[in-house]
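To keep things clear, I will list the structure first and then write my remarks on it.
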Amino acid sequence: MRFLLDTEQRAFADTLDTMLRASDTPAVVRAWSRGEHTSGRALWRRIAEAGVFALAVPEAYEGLGPRPVELAVAFVELGRHAVPGPVVETVTTAALLTALDDTGPAKRLLPALASGESTATLAVGPYALDADMADVRLAVSGAGELRLLPAPGGPRPSLDPARRLFSPPPGGELLATGPQVTTATALALTWARLATAAQALGTGLALLDRTVAHVKQRTQFGVPIGSFQAVKHRLADAKIALEFARPLLLGAALTMTERDVAAAKVMACEAAYTTARTALQLHGAIGYTAESDLSLWLTKARALRTAWGSPDECRAAVLRGLSGDRPW
């Protein structure tokens, strides 16, 4: 099957790319890593005005969606420019609230998420991303409770400084409980993995572009290192992995099945991680320095690999889908 974006989808991607290129996102990311959110919130508003978050919110709640293909297109660009913040978590929260049988929380919270007036984070495990700046902080407990959390304490150590992790505080307002929360969380996880996969693909593409530009400029023995056969092979392997991930991602956005989305996440995140390793090696010592902007994408590729499901967890989801949930 040949999957091609239509004219409007390509124009949407180009518009986001142009806007983000003019936003000096590396400076925004570095400020975000220090806990300074002013420039990040300004960028968030511009992204929301472009309709990105509204793509995950139904029209009944003042959104444009659900439109997972367009959302995947958008998140590739967010990853390409290393946009910080709980972008995946906001989309995941929107999907969870939409899937609840109780429309009360959806009517209360979704319109502001669609417009960008509010940001959201969601804790399904031990951590909530960027809970210090999120306006809506939700947590799902093992008992099937969905709670609106109070403000958290200090951040925990994180592999990616721009992904600030917080432990969910106890208590909070109970929004929903029962099997409906479990079902909605499972549906939201599919959206989370789709957005993460798209973000990882964009991260890998950015790393590849930066590395290709670097090997054209860096010389050894009087010639660019990009002319060496071994370097060409490493870059070709990275390019092939990323290009194989792209149709899998877009195909998963069409079906939105647990199996297809999990497969897309494995492929995109592993391709981005492979590209990150190649970029680190071919940049030499500069690749290890936090001062280099390359580090902003290197750490993100590694963090996204396990966000919202490790490779093993996603492979297990693929196997469940292939086996029809039958035990082996």
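The values are calculated or read from the model by the stated rules, or taken from the named source; none is laboratory data. All values derive from a computational prediction rather than experimental measurement. Every residue, glycine as well, gets a Cβ built from its backbone with ideal geometry; the counts of neighbours run over all protein chains shown.
Structure data summary
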| read-out | value |
| --- | --- |
| Complete set of residues in region 1-39 that are basic (Lys, Arg) and either part of a loop (DSSP other than H, G, I, E, B) or over 19 Å from the mean Cα position of the chain (by Cα) (or both) | 2, 10, 34 |
| Test set (1) surrounded by fewer than 20 Cβ atoms within 10 Å (Cβ to Cβ); (2) hydrophobic (A, V, I, L, M, F, W, C); (3) within 17 Å of the chain's Cα centre (by Cα) - residue 42 fails condition number | (3) |
| Scan of region 219-251 for residues that are of a type in the set (Lys, Arg) and surrounded by 14 or more Cβ atoms within 10 Å (Cβ to Cβ), ordered by number | 234, 239, 246 |
| Options 95, 72: the member that is surrounded by 20 or more Cβ atoms within 10 Å (Cβ to Cβ) and in contact with a Phe, Trp or Tyr (Cβ under 8 Å, 6 or more places away or on another chain) | 95 |
| First in region 273-295 and closer than 15 Å to residue 215 by Cβ and in contact (Cβ under 8 Å) with a residue 60 or more places away in the chain, second anywhere and in a helix (DSSP H, G or I) and among the basic types (Lys, Arg), Cβ under 9 Å, 6 or more apart | 275/239; 278/234; 279/210; 282/234; 283/210; 294/210 |
| Any chance residue 201 is touching a residue at least 40 places away in the same chain (Cβ under 8 Å), assigned to a helix (DSSP H, G or I) and either surrounded by fewer than 23 Cβ atoms within 10 Å (Cβ to Cβ) or not aromatic (Phe, Trp, Tyr) (or both) | yes |
| Region 225-245 residues that are in contact (Cβ under 8 Å) with a residue 40 or more places away in the chain, paired with ones that are exposed (fewer than 12 other Cβ atoms within 10 Å of the Cβ) and part of a helix (DSSP H, G or I) (beta carbon under 8 Å, 6 or more apart) | none |
| Residue match in region 50-71 (condition: among the basic types (Lys, Arg), free of Cβ contacts under 8 Å to residues at least 40 places away in the same chain and more than 26 Å from residue 144 (Cβ to Cβ)) | yes |
| Cross-chain or 6+ apart pairs with Cβ under 6 Å, region 153-180 first and under 19 Å from residue 89 (Cα atoms), then aromatic (Phe, Trp, Tyr) and not in a loop (DSSP other than H, G, I, E, B) | 155/166; 162/32 |
| Identity of the residue in region 252-294, over 14 Å from residue 199 (Cα atoms) and acidic (Asp, Glu), that ends up surrounded by the fewest Cβ atoms within 10 Å (Cβ to Cβ) | 291 |
| Conditions (1) surrounded by fewer than 19 Cβ atoms within 10 Å (Cβ to Cβ); (2) at negative phi; number of the one not met by residue 128 | (1) |
| Of all residues making up region 280-294, the number that are within 20 Å of the chain's Cα centre (by Cα) and assigned to a helix (DSSP H, G or I) | 1 |
| Residue count, region 135-181 (criterion: outside any loop (DSSP other than H, G, I, E, B), modelled with pLDDT under 95 and within 23 Å of the chain's Cα centre (by Cα)) | 1 |
